Amino acid sequence: QVQLVESGGGLKQPGGSLRLSCAASGSIFGTYTMNWYRQATGKERELIATRHSGGTTTYADSVKGRFTISRVNAQNTVYLQMNALKPEDTTVYYCSRQQGGVDCWGQGAQVIVSS
């Protein structure tokens, strides 16, 4: 059973940067797609970044041009580089592994963007 553990969240001022990490205990290679979602209290979970199994990436309009998803095979880790942070980026971020449907979620990392 794979486990995903997010880290790197915290408090940043608007315009700042953070990098979230998602470390996997099992495989995230091959045919798996890796995603980053975020979910604010009382709202639905929002898919914001995807690294498809073939290596291409897609982003929600709300983060396009500011966030970058990447995978480092040697570290078995997926990253979310977040630049030009805005107060509306404040929420909990989750990574997930997907093959067909999502089969594993991390526990979440809190990001707060505030001056």
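Every number here is computed from the coordinates shown, using simple stated rules; none is lab data. The shown structure was predicted, so the numbers you read here are calculated from the model rather than taken from an experiment. When we count neighbours, we look across all protein chains shown, and the Cβ atoms used for this are built from the backbone with ideal geometry, even at glycine.
A simple count of charges around SER17, restricted to other residues whose Cβ falls under 15 Å of its Cβ and scoring Lys, Arg +1 and Asp, Glu -1, yields +3. For THR90, the residues 5 or more places off, or on other chains, whose built amide H falls under 5 Å of its own are VAL113.
Amide H contacts of VAL63: none lie under 5 Å away among residues 5 or more positions distant or on a separate chain (H built 1.01 Å from N in the peptide plane; Pro and chain starts excluded).
Taking the DSSP beta bridges in the chain as the whole, what percent of them are antiparallel, to the nearest 5?
95
Using the Cβ-Cβ distance between THR41 and SER70 with R0 set to 25 Å, the FRET efficiency works out to roughly 0.35. Across the options TYR37, GLN110, SER70, the greatest Cα extent toward the positive end of the charge dipole of the chain (unit charges at beta carbon of Lys, Arg, Asp, Glu) belongs to SER70. For the pair SER115 and GLU88, a Förster radius of 22 Å applied to the C-beta separation gives a FRET efficiency near 0.95, rounded to the nearest 0.05. Measuring nothing but alpha carbons in the stretch 14-93 and taking Rh as the Kirkwood radius, the Rg to Rh ratio lands at 0.97.
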